[in-house]
Amino acid sequence: MAEITITHTRAEGTILTGSSKGDGIFEIVREHGFWFSRSVEGLFIKRSRDKAADTWRINRAAEALRAAGHTVTVEINERVRRSFAEA
């Protein structure tokens, strides 16, 4: 089983790492708002940058992954932000 990390900062948004194509992780977290993009390292929640962590979605995704046998670490740091100009 995979070791998954879900991180959230306001600067980067919510990103899931530790998954690879075809491992079944996307199918589990898709219903919790995670998406794939070639421009993001990992799966992510759309429009999560510059916002507070959606802990409801993050925790539900983590629970679903754990139920499927994966090890999941959740890291939330609300202090890391982008400047207004960067956003």
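At a glance:
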{"quantity": "Residues that are acidic (D, E) and over 19 Å from H70 (Cα atoms), drawn from segment 2-40", "calculated": "E12"}
{"quantity": "Qualifying residue in segment 62-70 (condition: surrounded by fewer than 20 Cβ atoms within 10 Å (Cβ to Cβ), within 24 Å of A85 (Cβ to Cβ) and small (G, A, S))", "calculated": "no"}
{"quantity": "Segment 1-26 residues that are without any contact (Cβ under 8 Å) to a residue 40 or more places away in the chain and charged (D, E, K, R), paired with ones that are open to solvent by 50 Å² or more (accessible area, probe 1.4 Å) and assigned to a strand (DSSP E or B) (beta carbon under 9 Å, 6 or more apart)", "calculated": "K21/F36"}
{"quantity": "Per-region count, segment 23-41, residues at pLDDT 90 or above and either out of contact with any Lys or Arg (no Cβ under 6 Å at 6 or more places or on another chain) or not in a loop (DSSP other than H, G, I, E, B) (or both)", "calculated": "13"}
{"quantity": "Residue match in segment 36-55 (condition: touching a strand residue (DSSP E or B) at 6+ places or on another chain (Cβ under 7 Å) and aromatic (F, W, Y))", "calculated": "yes"}
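The values are calculated or read from the model by the stated rules, or taken from the named source; none is laboratory data. Every value quoted in this text rests on a predicted model; they were computed, and no experiment measured them. Note that we place each Cβ from the backbone using ideal geometry, even for glycine, and neighbour counts take in every protein chain shown. What goes into the accessible areas is simple: the full protein's heavy atoms, side chains included, and nothing from ligands, DNA or RNA. Shrake-Rupley method; radii C 1.70, N 1.55, O 1.52, S 1.80 Å.
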